[in-house]
Amino acid sequence: EINFSLKNFYNYEIIIIDDCSIDDTFKIVSKLTNKKLRLYKNNINRGQSFSIWRGIEKSSNEIIITIDGDGQNDPIDIIKLVKLYNTNKYGLVGGLRLKRKDNIIKRISSLFANYIRNLVLKDNCRDTGCSLKIFSKTIFMKMPYFDGIHRFLPALFKAYGCATTFIPVNHRYRKFGTSNYGTFDRAIRGIRDLIKVYFLIRKLKNY
């Protein structure tokens, strides 16, 4: 159940990226008649980073809000993020899932990954994996794209001179779909991307 309304937002668009899902997402969403809704389907499964990048690239607005399609993020928290972002103090505002409704292995691995990443990159983010974020399209599109970029947005926005902050958001049990991330595979990719981002940030600071 989603207790959220967009009636108080006059200038918005909803962009859905179907990353070759097998749950008839494209077919179901195609039947909706909301004129604010735009739907795109990847020709092959490209992953979360590419889908986020494509949705942002297709957006006609400067302010971007990202949210997963698995129902665990609560859309009502968008209002809190928008209010804080509209103070014009931050280039990125992210959510913190302080009471995660995931299994113990995922929570422990996430805590460890966040600790290591923060130790290396000093992004001051306890939960970079929370997809609920609001930020500037202009700044995001300046970043060199790579698979895994969505996990490093707080560090990259800081590297581009933007202040960032994070606030607690609701988190719900997963009711739809299953995660395609394996703990070991994600750890290997995370280490690879951490090294890449570390040297990218050093390069940006030199400029």
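The values are calculated or read from the model by the stated rules, or taken from the named source; none is laboratory data. The structure presented is a predicted model; accordingly, all values stated were derived computationally and were not measured. All Cβ positions, glycine included, derive from the backbone under ideal geometry; neighbour counts span all protein chains shown. The area values use the complete protein model at the heavy-atom level, side chains included, leaving out ligands, DNA and RNA. Shrake-Rupley method; radii C 1.70, N 1.55, O 1.52, S 1.80 Å.
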For the chain, averaging the sequence separation of alpha carbon pairs under 8 Å that lie six or more residues apart and dividing by its residue count, the contact order in percent is 25 percent
Segment 53-84-segment 117-169 distance, computed between alpha-carbon centres (Å) | 14 Å
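With both partners inside the chain, how many of the DSSP beta bridges are antiparallel, as a percent to the nearest 5? Intermediate values should be presented prior to the final figure.
Working: 8 of 18 bridges.
Counting only bridges with both partners in the chain, antiparallel ones make up about 45 percent.
For the chain, count the residues as N, evaluate 2.2 N^0.38 Å, and divide the Cα radius of gyration by that value, please.
Working: Rg = 16.8 Å, N = 207, 2.2 N^0.38 = 16.7 Å.
The value comes to 1.01.
Among the listed pairs K31/K101; K106/K158; K83/K203; K99/K133, give every one whose C-alpha distance is greater than 29 Å. Write out the running numbers ahead of the final one.
Working: K31/K101 31 Å; K106/K158 27 Å; K83/K203 33 Å; K99/K133 17 Å.
In this structure, K31/K101; K83/K203 lie more than 29 Å apart at Cα.
DSSP loop trypsin sites (Lys or Arg not before Pro) in segment 63-151 with at most 11 other Cβ atoms within 10 Å of their Cβ, which ones?
Answer in residue order: K89, K99, K122.
How much mean residue ellipticity at 222 nm does the chain get from its helices, if each DSSP H run of length 4 or more adds -39500 (n - 2.57) and you divide by all residues, to the nearest 500 deg cm²/dmol? Could the numbers behind the result be given before it?
Values: 7 runs with 80 residues, N = 207.
The per-residue figure over the chain is -12000 deg cm²/dmol.
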So how much slack lies between K205 and L119, counting 0.36 nm per residue of separation and subtracting their Cα-Cα distance, in nm?
-> 29.2 nm
Rounded percent of accessible protein surface that carbon and sulfur make up, the chain, 1.4 Å probe | 57 percent
